[in-house]
Amino acid sequence: MHAPSPASTAAPAPGGRARLPLALYALTVGAFGIGTTEFVIMGLLLQVAADLQVGLAAAGLLISGYALGVFVGAPVLTVATGRMPRKAVLVALMLIFTAGNIVCAIAPNYTVLMIARVVTSLAHGTFFGVGAVVATGLVAEDRKASAISIMFTGLTVATLLGVPAGAWLGLHFGWRSTFWAVALIGVIATVVIATLVPRDRSRPEPAPLRRELRAVLHPQVLLGLLMTVLGFAGVFTVYTFIQPILTTVSGFGEAAVSPILLVFGGGMILGNLIGGRFADKRLAPALIGTLIALAAVLAVMTFALHNPIAAVAFVGLLGVAAFATVPPLQLWVLRKTDAAGQNLASSLNIGAFNLGNALGAWLGGAVIEHGPGLGAVTWVAALVTLSGLVLAVWAAKLDAKGRGAQAPQRVGETVAACAG
């Protein structure tokens, strides 16, 4: 019999309720690092493009490359590592993450930087998927939701603080210093995860792949994944190029970008809470309503960007509207999938968000280089989000029709049972 690990044993708090284990905060550090490396490039686009002598659209593809890596890597690595000890998976993922950021920092040219970004992205989706499972295993049944929430706080803080801090570092010490800083976070996260996260007591036994695939191929699940891609692509059509938009269209200096990104991060936290609360009450209306709000913010932002005060306000509103869509989009996919396919469906939806990121970054670059230009990025983004809204309305109607068809069947079964 093995003694319990100190990291896995929650000590009683003064009020009698057990404190959350330190291992949970180790996972939060990893989530913070991964979230920072995904989004920080948006505040560095001008510096990267100038240093590596590439166009703004090409620099934006560094975001697309990362997002596509998550899209491919999340389901593939989730399945491939399904029978490995989860602690070993987390440590290996953080080593990949750290090595990838070191290569980003020393990349001699654009091609090497792109490859390093893609390699780094492979850790993203699987870390959050496996980490959420580990987090729930560290606490009692009545605190599992709190455990997941605390782990994902790392991603929230990355958007609120990590990205603006990275943009500030890049402005004052060069964009490579930002990747060195993120690599250091990776080293710290690797050490604390290896030290504090307890060993698996037993190897996981995942559901057969065929059964998982059958569960996620349900039409409503596939519609949900497509809604995520199109609904969220509009956000990154704009957010990818937020630095040049603020400096060129709104007239801010480069030094103002970091504090304005803090406004976006604050809006993101508020939007996430609002979206979650609405989705818990009525999922389909929340899904449709948040996508309407996002499309409206993007459309009006086209005009607001020409006024500095309105521009800052709408950057915050974009954060609120964008992340209000996340809980209903995620919950829709999970509710339409049976238990056997939930791990894979959740992983695929993380990939779908990132495919939307990649599509948005590519589309924004195309609008800048071959279309109407930087000032048109926001209304093009609104059209993309509207396409996701159309799918959401269609999916909600199919869902209501399905429930309506089941009701007479249940009534008939009840009458037959009574007659029998």
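In order along region 214-222, phi translates into HN-Hα couplings of 4, 5, 7, 8, 5, x, 5, 5, 5 Hz, rounded to whole numbers, per the Karplus curve 6.51 cos²θ - 1.76 cosθ + 1.60 with θ = phi - 60° and x for Gly and Pro. Think of a 1.4 Å ball rolled over the protein heavy atoms: the chain then has 43 Å² of accessible area per residue. Computed extension gain for ILE292 through ARG214, at 0.36 nm per residue and net of the alpha carbon distance, reaches 24.9 nm.
Remark: the chain carries a charge dipole of roughly 1140 debye about the Cα centre, counting +1 on each Lys and Arg Cβ and -1 on each Asp and Glu Cβ.
Take each of the peptides 298-310, 165-177, 348-360, average the number of other beta-carbon atoms within 10 Å over its residues, and list them starting from the highest.
348-360, 165-177, 298-310
Taking every alpha-carbon pair in the chain and binning the separations at 10 Å intervals from zero gives 5, 21, 31, 25, 12, 4, 1, 0, 0 percent. By definition, a body whose alpha carbon gyration tensor gives a ≥ b ≥ c is oblate when a/c is 1.5 or more and a/b is not larger than b/c, and region 250-311 fits this oblate description.
Note that region 39-81 carries a Kirkwood radius of 11.5 Å, evaluated over its alpha carbons pair by pair. Per the 1.4 Å probe, what fraction of the accessible area of the chain, in percent, lies on carbon and sulfur atoms? In the chain, the share of accessible area belonging to carbon and sulfur is 69 percent. As a rough guide to protection, the peptides 282-295, 116-129, 220-233 ranked by mean Cβ packing within 10 Å, highest first, stand as 116-129, 220-233, 282-295.
Taking each DSSP H run with n ≥ 4 as -39500 (n - 2.57) and averaging over every residue of the chain yields -26000 deg cm²/dmol at 222 nm.
The values are calculated or read from the model by the stated rules, or taken from the named source; none is laboratory data. The shown structure was predicted, so the numbers you read here are calculated from the model rather than taken from an experiment. Note: ideal-geometry Cβ built from the backbone for every residue, glycine included; neighbour counts use all protein chains shown. Just so you know, the surface numbers come from the protein's heavy atoms only, side chains and all, with ligands and any DNA or RNA stripped out. Shrake-Rupley method; radii C 1.70, N 1.55, O 1.52, S 1.80 Å.
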